[in-house]
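The values are calculated or read from the model by the stated rules, or taken from the named source; none is laboratory data. None of the values given here were measured: they were computed from a predicted structure. Here the Cβ positions follow ideal geometry from the backbone for every residue, glycine too, while neighbour counts run over all protein chains shown. All accessible areas refer to the heavy atoms of the entire protein, side chains included, with ligands and DNA or RNA removed. Shrake-Rupley method; radii C 1.70, N 1.55, O 1.52, S 1.80 Å.
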There are 2 protein chains.
Amino acid sequence: MGRIPPGPRTVSTDLRISEIFGPTIQGEGALIGEPTVFVRTGGCDYRCVWCDTLHAVDSAYRDTWTPMAADAVMVEILRLSGNTPLTVSLSGGNPAIQPLGDVIALGKPLGYRFALETQGSIARDWFAALDVLVLSPKPPSSEMTTDWDMLRACVDAAGPDTQTILKIVVFDDADYAYARDVASRFPHLRIVLQPGNPTPPTRDGHEPVVDIEATLDRTRALVDRVTQDRWFNARVLPQLHVLLWGNRRGV
Amino acid sequence: MGRIPPGPRTVSTDLRISEIFGPTIQGEGALIGEPTVFVRTGGCDYRCVWCDTLHAVDSAYRDTWTPMAADAVMVEILRLSGNTPLTVSLSGGNPAIQPLGDVIALGKPLGYRFALETQGSIARDWFAALDVLVLSPKPPSSEMTTDWDMLRACVDAAGPDTQTILKIVVFDDADYAYARDVASRFPHLRIVLQPGNPTPPTRDGHEPVVDIEATLDRTRALVDRVTQDRWFNARVLPQLHVLLWGNRRGV
């Protein structure tokens, strides 16, 4: 007697995708320099005043976000990477809004690794399936407010098998003090400090030329601060992709 | 009856130190952005044509190298770091020439971590006491010849408790092919590719202004190459300290 064939795998069809591009290198944080394909979801629960990915945040861009099923996303990752496994960077917007667990479940058996970056305002059980969770709570200069309980829920959701790393953007002294506060709340997590982009893309879609010297100035100042304060488990890294490609999208 | 007091701890007195400086950040490789104190030894068995630390290599600078005992080196590390543990970067010249095992033995109980970078031409049993061993065999553009057996002996000496990472400087196509060859010989090791400094310090001690745009151009070209070849376990990182501080020494 034949076995009943399994029904079609249920996959979500409600992912809103702003862009999928690569392979390029990760420009930020602990994975800096690593080849990656980016999956950028559309939609965000935050409106940081210095947001550098408004095209994936502002609802004015909503008609540029494509509804995709998880398997269609994975097919595009496979196409871009030539079926050669690499680390996929899930970004946004806030990718935690979207049900990305199915994409991870499809990719991991094929050898793909998954890193997700979020502000930590929404916790998901599928964070535990990630290889790397980058929590980037937003400092005072963003004009957003941190929900500390939710940030902790994100850390807890990731659990012991996911590498969880903090990343804080620092524009000014208040941001630096905030970063120290975050670090003191999560002393067991590694933390990366990233100088803010002095010339981010503007709300009208303009991509200004990056002031490289100003970016390097801010990096130097942050290095001075960290070393003077002997904050030796912090790491200071500029946005390498901004140095390499400016504010251009899709690289 | 009283115990016989232990004799003074035997420490080597024959370290030749070019400079000890920091804290600053590590500008290269897998530890990029991490606060560190550098211990640069004097003397090298190589003469890479594009060497950027001739003051620690060329015997013309020999009278600037200070003979120091291991405990004196550790005292200086403690002073610079304000007794706050961090990662110490042992560099050169070729630091594997020097008996640095005693410095590591003094620092580790105090919580200090040790990373050493060498071309892999000399293997030492104390590599196994390192936290990180960066093996940076030199590509054809250096005009040096790799001793593959010795490079493998370095990997073996480090053993399973030390994180061993490859780093290859790439100036041209032949260097890139060399990097691929190295990777194929050590498929289990992570590898970082670093574009060569287009404007290194000169033999007469001149420190030319770094051509940042040329450095970024070379980084972009290397990213393109790696992603086109789907070499996804390589990592591409520029020399961050060169971008931040040019060819200046002591930062």
State whether the residues of the range A:131-145 include one that is within 14 Å of another protein chain (Cβ to nearest Cβ), in contact with a helix residue (DSSP H, G or I) (Cβ under 7 Å, 6 or more places away or on another chain) and either in a helix (DSSP H, G or I) or at pLDDT below 95 (or both).
-> no
Residues of the range B:96-146 classified as within 27 Å of B:Arg180 (Cβ to Cβ) and either open to solvent by less than 30 Å² (accessible area, probe 1.4 Å) or more than 11 Å from the chain's Cα centre (by Cα) (or both), total | 26
Hey, among A:Val192, A:Val209, which residue is of a type in the set (A, V, I, L, M) and open to solvent by 60 Å² or more (accessible area, probe 1.4 Å)?
-> A:Val209
For residues that are within 12 Å of the chain's Cα centre (by Cα) and among the hydrophobic types (A, V, I, L, M, F, W, C), tally how many sit in the range B:147-168.
-> 3
Listed by first then second residue, the pairs whose first member lies in the range A:99-128 and is free of Cβ contacts under 8 Å to residues at least 12 places away in the same chain, whose partner is open to solvent by less than 10 Å² (accessible area, probe 1.4 Å) and of a type in the set (Val, Ile, Thr), with beta carbons under 9 Å and at least 6 positions apart or on separate chains, are none
Search the range A:202-218 for residues being among the hydrophobic types (A, V, I, L, M, F, W, C) and within 9 Å of chain B (Cβ to nearest Cβ), and hand back the single one that is nearest to B:Val88 (Cα to Cα).
-> A:Leu216
Restrict the check to the range B:150-168 and report whether at least one residue is β-branched (Val, Ile, Thr), within 14 Å of chain A (Cβ to nearest Cβ) and open to solvent by 20 Å² or more (accessible area, probe 1.4 Å).
-> no
Inspect all residues belonging to the range B:194-209 and state whether any of them is acidic (Asp, Glu) and closer than 26 Å to A:His241 by Cα.
-> no
Could you list all residues from the range B:219-250 that are under 21 Å from A:Thr219 (Cα atoms) and more than 9 Å from chain A (Cβ to nearest Cβ)?
-> B:Gln239, B:His241, B:Val242, B:Gly246, B:Asn247, B:Arg248, B:Arg249, B:Gly250
